[in-house]
Structure formats: C-alpha cells, structure tokens
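The values are calculated or read from the model by the stated rules, or taken from the named source; none is laboratory data. In this text the structure is predicted, and so the values were computed from the model without any measurement. Quick reminder, even Gly has a Cβ in these numbers, built from the backbone with ideal geometry, and neighbours come from all protein chains shown. Ligands, DNA and RNA are excluded from the accessible area calculation, which covers all protein heavy atoms including side chains. Shrake-Rupley method; radii C 1.70, N 1.55, O 1.52, S 1.80 Å.
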Amino acid sequence: MFTDYSIQAVAINAIPLIFAITIHEAAHGYAARRLGDNTAYLMGRVSLNPAKHIDPIGTILIPLMLILSGSPFLVGYAKPVPVRFDRLKNPRIDSIWVALAGPGSNFIQALIWAVLLIGLHAFGVNERFLIAMSQAGVTWNIGLLVFNLFPLPPLDGGRILAGLLPPKQSIALGRLEPWGFFIVLGLVFTGIIGSLWMEPLMGFFKVIIYYMTLPIQMLL
C-alpha cells in the first residue's frame with residue numbers, strides 16, 4: 001500500500017508514473033497513425049507532454065479516492081486518445097494493435113526500469129532515490145499494463161476482446177462501454193479486481209521480466 005507521502009516518496013513515484021501514463025497514451029496515437037488514422041496526431045495527442053493526457057477524474061480523482069480508502073492498489077487512466085476506427089486500414093485487426101500499443105509500451109518501460117535497476121546494483125550505485133524510482137517504475141508500469149488489459153470496454157483489454165470476438169458478440173460487448181468504468185470501479189473498490197486480476201497477473205509479468213533480464217543479470 002502507498003503510505004509514504006513525503007516529497008521524496010511522491011517524486012519517486014510521480015516521475016515513472018507520469019512517463020508510464022504519457023507514453024501509454026502517445027503509443028495509442030502513434031499506432032493509430034501508422035495504421036491509417038491521423039485523428040490523435042492532428043489533435044496533438046501523439047505527444048510526450050503529460051498535460052496533453054491528464055484526465056481530472058481518471059488521473060487525479062480516482063487514485064486519490066483509492067489512497068484515502070486504503071486500497072492496496074492504485075489504478076487510474078489518462079484522457080483517452082481519440083481513434084477513428086473506420087479510418088484504419090483493417091479496422092477489425094488494426095483496432096487490436098492500437099489497443100495493444102498502450103499496454104505494450106508499459107511492458108517495454110517496465111523492462112527498461114528493470115534493466116536500470118540491475119545496472120545500478122551491478123555497478124555498486126547505492127543511491128536510494130534511483131533504486132526506489134527504478135523499483136517504482138517496474139511496479140507502476142506492470143500495474144497499468146495489467147489494469148488496462150482487463151477485458152471490459154473502454155479499457156484496452158475490452159477493445160482487444162471486441163476485436164477477437166465474432167461480430168455479434170463484439171457488438172454485445174460494445175454495449176457495455178458506457179457503463180464499463182463504473183463496473184470496473186465497483187470491482188476495484190470491492191477488491192475483486194485486486195485479488196483475482198491484479199495480483200496474479202502482476203506476479204506473472206514480473207516473472208516474465210525476471211527471466212527476460214536474466215541474461216543481463218548473469219552478464220553483469
């Protein structure tokens with residue numbers, strides 16, 4: 001649980017979290033542009049400027065409510081990147097790639113932070129701030145990756161599932177989108193997502209990153 005609210009602790013967590021959210025959203029826009037839709041690019045959303053992606057509710061209010069409620073997980077979302085799926089070259093398949101781009105960027109960032117953490121230990125750098133930030137970078141990015149993969153629209157996992165399902169089932173799933181975040185928030189505050197989704201999948205991705213970085217650990 002996040003319980004340390006000192007300036008240093010906030011900085012340790014805020015820096016990797018801002019990168020995680022910003023790159024996640026920019027990745028959606030970048031993927032959409034490469035696959036035929038310039039909407040996000042023309043609106044300036046393919047940007048590493050955090051201000052372009054902050055959502056007052058998802059980025060500020062929900063995490064704050066979770067902190068105050070004592071939740072063991074802090075989750076949230078940024079301002080969704082606008083995508084015109086009808087402009088994609090192959091809307092059904094390309095929509096899956098656009099949705100995967102955000103969580104994929106978080107996985108890559110988690111891997112980079114893990115490599116940095118290994119390098120700090122290998123070269124005897126005992127700067128606690130950098131070590132703690134690297135650990136936070138791994139945790140935040142895996143957390144955002146797993147949360148966004150939850151298979152309910154408008155989360156990325158819901159869009160991926162909609163692209164994989166037959167048209168009839170995909171349309172039925174899409175009808176849940178207006179209520180999706182309310183359902184997810186209910187599951188978050190009751191602890192269901194935490195125990196049945198976040199915990200096991202975060203552990204799974206941490207194991208993957210461990211084995212992917214194992215050659216570097218052995219080399220250093």
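Residues in segment 180-209 that are of a type in the set (Phe, Trp, Tyr), surrounded by 12 or more Cβ atoms within 10 Å (Cβ to Cβ) and more than 30 Å from Leu116 (Cα to Cα) were compared, and the one that is farthest from the chain's Cα centre (by Cα) is Phe189. Among the residues of segment 150-161, is any of a type in the set (D, E, K, R), under 20 Å from Ala20 (Cβ atoms) and at pLDDT 90 or above? Within segment 150-161 (the criterion being of a type in the set (D, E, K, R), under 20 Å from Ala20 (Cβ atoms) and at pLDDT 90 or above), the answer is yes, since at least one residue qualifies. The residue of segment 7-17 that is farthest from Asn148 (Cα to Cα), among those that are free of Cβ contacts under 8 Å to residues at least 12 places away in the same chain and open to solvent by 50 Å² or more (accessible area, probe 1.4 Å), is Ile7. For segment 210-220, a residue qualifies if it is out of contact with any helix residue (DSSP H, G or I) (no Cβ under 6 Å at 6 or more places or on another chain) and open to solvent by less than 90 Å² (accessible area, probe 1.4 Å), and the qualifying residues are Leu214, Pro215. Of all residue pairs spaced 6 or more apart or on separate chains, those with beta-carbon atoms under 6 Å, a first member in segment 18-37 that is of a type in the set (Val, Ile, Thr) and a second member that is surrounded by fewer than 20 Cβ atoms within 10 Å (Cβ to Cβ) are Ile18/Pro50; Thr22/Leu48; Thr22/Pro50.
The condition of being in contact (Cβ under 8 Å) with a residue 40 or more places away in the chain, over 17 Å from Pro80 (Cα atoms) and of a type outside the set (S, T, N, Q) does not hold for Phe147.
In segment 192-209, how many residues are free of Cβ contacts under 8 Å to residues at least 60 places away in the same chain and either out of contact with any helix residue (DSSP H, G or I) (no Cβ under 8 Å at 6 or more places or on another chain) or among the basic types (Lys, Arg) (or both)? Going through segment 192-209 one residue at a time, the tally reaches 9.
Restricting attention to segment 110-132, the residues being open to solvent by 20 Å² or more (accessible area, probe 1.4 Å) and either part of a helix (DSSP H, G or I) or among the polar types (S, T, N, Q) (or both) number 15.
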